[in-house]
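Reading through the structure tokens given below for one structure.
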Amino acid sequence: MTNELGLKIGGVPEHFNLPWRLAIEEGRFQEIGLNLHWSDMSGGTGQMIRGLETESLDIAVLLTEGITKSILQGLDAKILEVYVVSPLSWGIHVPNKGAIKKPEDVKDQTFAISRYGSGSHLMAYVMADQYDWGLEDLKFNVIGDVYGGLWALENNEAQAFLWEKYTTFPFVEQGKCDYVGDVITPWPCFVIAARTEIAEKYPEMLKKMCAIVNQKALEVKKQPDSAEMISWRYNLPLEQVKQWLSETDWNYKGAEYPLAFEKTTHYLKKLNLLSEEEAEDWEEKLFV
């Protein structure tokens, strides 16, 4: 198509984003005149927020809590819709064969985080809140990505590292770290967001884009060979993938989840990660 719209999109190189990758490979977006340029963002939500800030990304598929906090603190972006409606299981990872054997032992330790404002950062606050620890006592070491987190644990630069547990399972198997439990997000885990300029300029195109990826996600969920494909593409054990697929639901019908964002905003405020003023009029700020 001569009038094709080209947009830059980023997401983590993880199994959650297989529907995007397949839809791009199959030319589904080009059928509506959209050429999506996908970039893997191994640095996670913090890296994508930076990408939206610098306009190196037009669209991002990122964690609900990270993008909500950033928009309410001034990031010029809007949430298009919830992408994955199920919560995320953040594995609590600690040094291999070390003194930490259970989640409670993490108290007063240093957390490895990919970036400030990332999921690994914000979920440390959620964990501290769930275990009733003092939030002001949390300590962090910025490590960039999952490999930095593993290095930090191995070299005692951090004693805890929160990351999606199925992604890290192979590293646990290899003895690079121990897994001692989960922190579950109290909200749907991934959303699709766009720079405000893009969201306001191409609302119908973006609506069609979301509908395509939602439909592709439904196909992935229903196809009997999806677990084998995910296992092969992402180098994950088949039984783990089957378990993950059974726990995961995308937003197949493009439903709205206003209560999810109200809950996220309330929680961020409770954790002192948002001020009262920043949380005001959250609906107007988050959506077009």
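The values are calculated or read from the model by the stated rules, or taken from the named source; none is laboratory data. Note that the structure is a prediction, hence the values are computed from the model and not measured. Note that each Cβ is placed from the backbone with ideal geometry, even for glycine, and that neighbours are counted across all protein chains shown.
The single condition among (1) modelled with pLDDT of 95 or more; (2) hydrophobic (A, V, I, L, M, F, W, C); (3) assigned by TED's automatic domain parsing to the domain that holds L62 that C177 does not meet is (3).
Listed here are the residues, each with its yes/no results for (1) surrounded by 14 or more Cβ atoms within 10 Å (Cβ to Cβ); (2) in contact with a Ser or Thr (Cβ under 7 Å, 6 or more places away or on another chain).
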| position | (1), (2) |
| --- | --- |
| P188 | yes, yes |
| R195 | yes, no |
| W232 | no, no |
| K269 | yes, no |
| W282 | yes, yes |
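Can E228 be described as surrounded by fewer than 18 Cβ atoms within 10 Å (Cβ to Cβ) and modelled with pLDDT under 95? No; evaluated as a whole, the condition is false for this residue. Tallying residues that are at positive phi and in contact with a His (Cβ under 6 Å, 6 or more places away or on another chain) within the stretch 130-163 yields 0. Considering (1) in contact (Cβ under 8 Å) with a residue 40 or more places away in the chain; (2) not assigned by TED's automatic domain parsing to the domain that holds R195, the lone condition that V61 does not fulfil carries the number (2).
Do we have any residue at all in the stretch 217-231 that's more than 20 Å from I9 (Cβ to Cβ) and either outside the structural domain of S42 (by TED's automatic domain parsing) or acidic (D, E) (or both)? Scanning the stretch 217-231 turns up at least one residue that is more than 20 Å from I9 (Cβ to Cβ) and either outside the structural domain of S42 (by TED's automatic domain parsing) or acidic (D, E) (or both). For the stretch 71-87, a residue qualifies if it is in a strand (DSSP E or B) and β-branched (V, I, T), and the qualifying residues are I79, V82, V84. Whether a residue is modelled with pLDDT of 95 or more and either surrounded by fewer than 15 Cβ atoms within 10 Å (Cβ to Cβ) or among the basic types (K, R) (or both) was assessed, and Q159 does not pass this test. Among the residues of the stretch 111-121, none qualifies, meaning not one is outside the structural domain of Y252 (by TED's automatic domain parsing), over 20 Å from the mean Cα position of the chain (by Cα) and surrounded by 24 or more Cβ atoms within 10 Å (Cβ to Cβ).
Inside the stretch 164-197, can you point out the residues that are assigned to a loop (DSSP other than H, G, I, E, B) and either without any contact (Cβ under 8 Å) to a residue 60 or more places away in the chain or under 24 Å from A128 (Cα atoms) (or both)? Hits for the stretch 164-197 are Q174, C177, T185, P186, W187, P188, C189. Of everything in the stretch 88-100 that is in contact with a Cys (Cβ under 9 Å, 6 or more places away or on another chain), crowded, with 17+ Cβ neighbours inside 10 Å and not in a strand (DSSP E or B), the residue that is modelled with the highest pLDDT is P95. Residue by residue through the stretch 103-122, note down the ones that are of a type in the set (S, T, Y) and assigned to a helix (DSSP H, G or I). Correct list: S120 only. Selection of the stretch 243-288 for residues being charged (D, E, K, R) and touching a helix residue (DSSP H, G or I) at 6+ places or on another chain (Cβ under 8 Å) yields D249, K253, E262, K269, K270, E276, E278, E283, K285. Screening L52, L22 for residues that are surrounded by 23 or more Cβ atoms within 10 Å (Cβ to Cβ), part of a helix (DSSP H, G or I) and of a type in the set (A, V, I, L, M, F, W, C) leaves exactly one candidate, L52.
Of the residues E247, E256, the single one that is more than 30 Å from V106 (Cα to Cα) and not assigned by TED's automatic domain parsing to the domain that holds G149 is E256.
Of all the residues in the stretch 123-163, those that are out of contact with any helix residue (DSSP H, G or I) (no Cβ under 9 Å at 6 or more places or on another chain), among the charged types (D, E, K, R) and not in a loop (DSSP other than H, G, I, E, B) number 3.
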